[in-house]
Every structure is written in C-alpha cells, then in structure tokens.
1. If I filter region 16-31 down to residues being in a loop (DSSP other than H, G, I, E, B) and in contact with a Phe, Trp or Tyr (Cβ under 9 Å, 6 or more places away or on another chain), which single residue comes out as most open to solvent (accessible area, probe 1.4 Å)?
2. Scan ARG90, ARG49 and give me the residue that is at pLDDT 80 or above and either open to solvent by 70 Å² or more (accessible area, probe 1.4 Å) or not in a loop (DSSP other than H, G, I, E, B) (or both).
3. Kindly indicate which of ALA78, ALA34 is surrounded by 11 or more Cβ atoms within 10 Å (Cβ to Cβ) and at pLDDT below 85.
4. Based on what the data block shows, is GLY58 out of contact with any Leu (no Cβ under 6 Å at 6 or more places or on another chain), modelled with pLDDT of 80 or more and surrounded by 12 or more Cβ atoms within 10 Å (Cβ to Cβ)?
Amino acid sequence: MDWPRAWLDRSGQGSQGFQDRLEIGLSTLEDECATQGLDWEEVLEQRAREQTKMQELGLSMSDLKHSPSNRRKPMSNAMKFWKHAAGEPRDH
C-alpha cells in the first residue's frame, strides 16, 4: 500500500531540524529518507536531474523562491521554468 507522503518531523523543527541533523552528523540522508519511505539514492538521482535541468534553463534555487506558488512576481527565467514544468510550450 502506498501511503501519502508528508514530511513527518518528529522534532517539531521542520526542515531546519532535518538540515541541522545532517550538518552535525546526527543523521544521514539515508536515515532521513527512510523515515519518509523514500530511497535516498532515488532522491539524489532526482535532484541531479532537476539541477541539470535548472542549469539548462539558467535557473538557481533562489529563482524557485520567486515561483508562482509563492505569489510573487517571478523572474523571467523562473517563469520559463514553471511554464515548461506545466507542459506549456517553451517560448524562446
């Protein structure tokens, strides 16, 4: 049975707790992914694909902070990314 994935944070610190545990060596990516029912190698492979695509589109992680889902005016490259991700034709 596939369970819905929601990031379960038992520490109450949200993503900061996850990041802190990794940085100070209290946890590993494998451990953190396992708590979510994820395979850590698949997570890394997916991240690599996303980073490659972002580089192709001239984007950085900070561009994603300006995504339409945050209701801020996105940067032009970010808008191209989101349109492409939604399956809309790319305008060059």
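1. We begin by selecting, within region 16-31, every residue in a loop (DSSP other than H, G, I, E, B); these are 24-28.
Within this subset, residues satisfying the condition of being in contact with a Phe, Trp or Tyr (Cβ under 9 Å, 6 or more places away or on another chain) are 27-28.
Details: SER27: 17, THR28: 66 Å².
Top of the filtered list is THR28.
2. On the way: ARG90 fails: at pLDDT 80 or above.
Of ARG90, ARG49, the one residue that is at pLDDT 80 or above and either open to solvent by 70 Å² or more (accessible area, probe 1.4 Å) or not in a loop (DSSP other than H, G, I, E, B) (or both) is ARG49.
3. Details: ALA34 fails: at pLDDT below 85.
Step by step, each of ALA78, ALA34 is checked, and only ALA78 is surrounded by 11 or more Cβ atoms within 10 Å (Cβ to Cβ) and at pLDDT below 85.
4. Values: out of contact with any Leu (no Cβ under 6 Å at 6 or more places or on another chain): yes; modelled with pLDDT of 80 or more: yes; surrounded by 12 or more Cβ atoms within 10 Å (Cβ to Cβ): yes.
Judged against the criteria, GLY58 is a match.
The values are calculated or read from the model by the stated rules, or taken from the named source; none is laboratory data. The structure presented is a predicted model; accordingly, all values stated were derived computationally and were not measured. Every residue, glycine as well, gets a Cβ built from its backbone with ideal geometry; the counts of neighbours run over all protein chains shown. Note: accessible area is taken over every heavy atom of the protein model, side chains too, but ligands, DNA and RNA are not part of it. Shrake-Rupley method; radii C 1.70, N 1.55, O 1.52, S 1.80 Å.
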